[in-house]
Amino acid sequence: MQVRHEIDHRLLQTHQFAIVDALYREAWQGLAEHRVLAPSFLKSDTGRCPVLLDLRTVSPSTQAQWLRTLHQQAQEREPTSLSLLFQTNSPIELVAAHCTARMVVKPTLEAPKQFRYFDPGTFLQLPRLLGEVGMAWLLWPFQRVTLSWAGEWLEYPVPQVDAVQRSEFALGSGHYETLSRLSIVNRAAVQCPPPQGAQDWCQRCERLELAVQKGQKYGLTQRDDLVLFALHAETQHPRFDEHPRIRQILEQLKTLPPEDELDYRELTQTFSADDWQAVIDELKVDEVRT
């Protein structure tokens, strides 16, 4: 991805479409031709659906106002109102249909779920999770995608892959497992100190995903337990789970009867700052010895 630290003043001319999240759509959709991106499985529950804006229908004065708003939001390191901006020559109906279709994921034997690929923090992780062919499948009508995250503007050129290879791509069980961890990773990541930039965010999320996988191997299944486990790996020590006190807790959870409501969060909430510092110090001593 190409990184910019200032907004491109031509951004709304060089990109024909943008997705605005449901949180902001009321203020933006009335000023441009738009389509609500509502997968059919949501039926009439479209209030939480994003909107596709046709930037070609926005007046010059409104474009100038939007540009100022986006610039200010990025400068203040806030989420921008426009999540993703797309460069394409495709008509709005095709773009809307494609964006809506990609919002639907359906793991085997499960009800369809909404794939929020348009969230910037999620989108930045997808090249690692889907690979070039997967990204081409996700974004095939587009030549370029632009987004803002952590105070930076990022341009992502859509991979050019063989059309047959792209059309044959399908999400498999491995993808669904990874995507299910993504919501846990994101919840943990936003509880960490603000990232220095997009690269810092992606590196942190990769570490958090490895921690979530480790927590799952220990038998943790509850979302909030996994979020906290990953946070401990990120904010306390990457090998915190090797400390005897933590190992004791993890072993205790394995032996609890199903009706017992104790969980990882409750068993670690009694740890004080001094307790955590002792864990870190003892692990550092072990590292020096080895």
Scope the range 64-78; condition surrounded by 17 or more Cβ atoms within 10 Å (Cβ to Cβ) and free of Cβ contacts under 8 Å to residues at least 60 places away in the same chain; matching residues = W66
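So that you can scan it fast, the table gives a plain yes or no per residue for (1) in contact with a helix residue (DSSP H, G or I) (Cβ under 7 Å, 6 or more places away or on another chain); (2) of a type in the set (D, E); (3) not in a helix (DSSP H, G or I):
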position	(1), (2), (3)
P107	yes, no, yes
F118	no, no, yes
T122	yes, no, no
M135	yes, no, no
G174	no, no, no
L182	yes, no, no
query = Of the residues in the range 137-169, how many are within 20 Å of M103 (Cβ to Cβ), at pLDDT below 95 and part of a helix (DSSP H, G or I)?
reply = 2
key: Residue ID - modelled with the lowest pLDDT, chosen from residues in the range 28-56 that are under 15 Å from T80 (Cβ atoms) and under 24 Å from the mean Cα position of the chain (by Cα)   = W28
ask   = Considering only the range 189-211, how many residues are under 15 Å from the mean Cα position of the chain (by Cα) and within 15 Å of Y264 (Cβ to Cβ)?
value = 0
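Looking at E93, E33, E110, which is the one that is farther than 17 Å from L138 by Cα, surrounded by fewer than 15 Cβ atoms within 10 Å (Cβ to Cβ) and in the same structural domain as R144 (by TED's automatic domain parsing)? Talk me through it step by step, then tell me what you get.
Details: E93 fails: farther than 17 Å from L138 by Cα; E110 fails: in the same structural domain as R144 (by TED's automatic domain parsing).
Just one listed residue meets the conditions, E33.
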query = Which number in (1) under 23 Å from W137 (Cα atoms); (2) in contact with a Pro (Cβ under 6 Å, 6 or more places away or on another chain); (3) buried (at least 18 other Cβ atoms within 10 Å of the Cβ) marks the one condition that L179 misses?
reply = (2)
inquiry  = in contact (Cβ under 8 Å) with a residue 24 or more places away in the chain and within 22 Å of Q125 (Cα to Cα): which single residue out of E209, E177 fits that description?
reply    = E209
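Does V212 satisfy being closer than 27 Å to A150 by Cα, among the β-branched types (V, I, T) and in a helix (DSSP H, G or I)? First the steps, then the outcome.
Details: closer than 27 Å to A150 by Cα: yes; among the β-branched types (V, I, T): yes; in a helix (DSSP H, G or I): yes.
Answer is yes for this residue.
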inquiry  = Here is a list: E152, E132. Which entry is over 22 Å from L11 (Cα atoms), among the acidic types (D, E), surrounded by 14 or more Cβ atoms within 10 Å (Cβ to Cβ) and within 20 Å of the chain's Cα centre (by Cα)?
reply    = E132
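The values are calculated or read from the model by the stated rules, or taken from the named source; none is laboratory data. As the structure is a computational prediction, the values presented were derived from the model and not from experiment. Reconstructed Cβ throughout: ideal geometry from the backbone, glycine too, with neighbour counts over all protein chains shown.
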